[in-house]
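One structure below.
The values are calculated or read from the model by the stated rules, or taken from the named source; none is laboratory data. As the structure is a prediction and not an experimental result, all values here were calculated from the model. Backbone-built Cβ (ideal geometry, glycine too); neighbour counts: all protein chains shown.
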Amino acid sequence: MTELAPTQRRTLRAAAHHLNPVVSISQKGLTPSVLAEIDRCLTAHELIKLRLYGIEREDREALFTEICTALKCASVQHIGNLLVLWRENPKDAAVQESTPGRRRNAAPVTKKQAAARLEARTRKR
């Protein structure tokens with residue numbers, strides 16, 4: 001199970017606020033197919049919400065821990081019947097590290113600014 005710093009957890013909670021639950025766990029509990037669906041959703045979205053139906057309060061925390069250890073994800077938030085999970089997508093992390101930030105010149109906003117820049121370039125020569 002991945003641990004998060006308090007600032008990371010706060011940022012992820014804020015980002016998850018507007019999300020709708022993508023997976024529901026109800027009567028049959030945590031089956032292999034439900035676990036596979038949670039894994040697919042984490043791979044696609046990184047940050048997801050789960051909704052629990054008909055699961056007792058004591059069992060929810062155990063279920064939350066079981067999901068996090070099985071899928072190697074971080075527990076972000078547990079409020080009532082909602083669970084928020086996060087797992088970094090390794091493909092996105094590799095792309096961000098290998099791609100240097102490329103800077104470009106800002107495009108002129110108006111024709112007047114474009115003319116002023118062109119005039120400034122011709123004066124320098």
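Points to keep in mind about this one:
- Top-ranked residue in the range 74-91 [being in contact (Cβ under 8 Å) with a residue 60 or more places away in the chain and β-branched (Val, Ile, Thr); ranked as nearest to LEU47 (Cα to Cα)]: VAL84
- Residue pairs meeting the criteria (Cβ under 7 Å; at least 6 apart or on separate chains; first of a type outside the set (D, E, K, R), in the range 97-125; second at pLDDT below 65): ALA114/PRO108
Yes or no, residue by residue, for (1) free of Cβ contacts under 8 Å to residues at least 24 places away in the same chain; (2) among the small types (Gly, Ala, Ser):
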site: ARG9; (1), (2): no, no
site: ALA14; (1), (2): yes, yes
site: HIS17; (1), (2): yes, no
site: PRO21; (1), (2): no, no
site: ILE25; (1), (2): no, no
site: GLY29; (1), (2): no, yes
site: LEU47; (1), (2): no, no
site: ASP59; (1), (2): yes, no
site: PHE64; (1), (2): yes, no
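- Being more than 30 Å from THR69 (Cα to Cα), modelled with pLDDT of 75 or more and in contact with a Pro (Cβ under 6 Å, 6 or more places away or on another chain) is true of ALA114.
- Selection within the range 30-50 - over 17 Å from the mean Cα position of the chain (by Cα) and either in a helix (DSSP H, G or I) or surrounded by 13 or more Cβ atoms within 10 Å (Cβ to Cβ) (or both): LEU30, PRO32, SER33, VAL34, LEU35, ALA36
- Of all residues in the range 89-102, at least one satisfies being modelled with pLDDT under 75, assigned to a loop (DSSP other than H, G, I, E, B) and among the basic types (Lys, Arg).
- Verdict on ILE67 being assigned to a helix (DSSP H, G or I), of a type in the set (A, V, I, L, M, F, W, C) and surrounded by 15 or more Cβ atoms within 10 Å (Cβ to Cβ): yes
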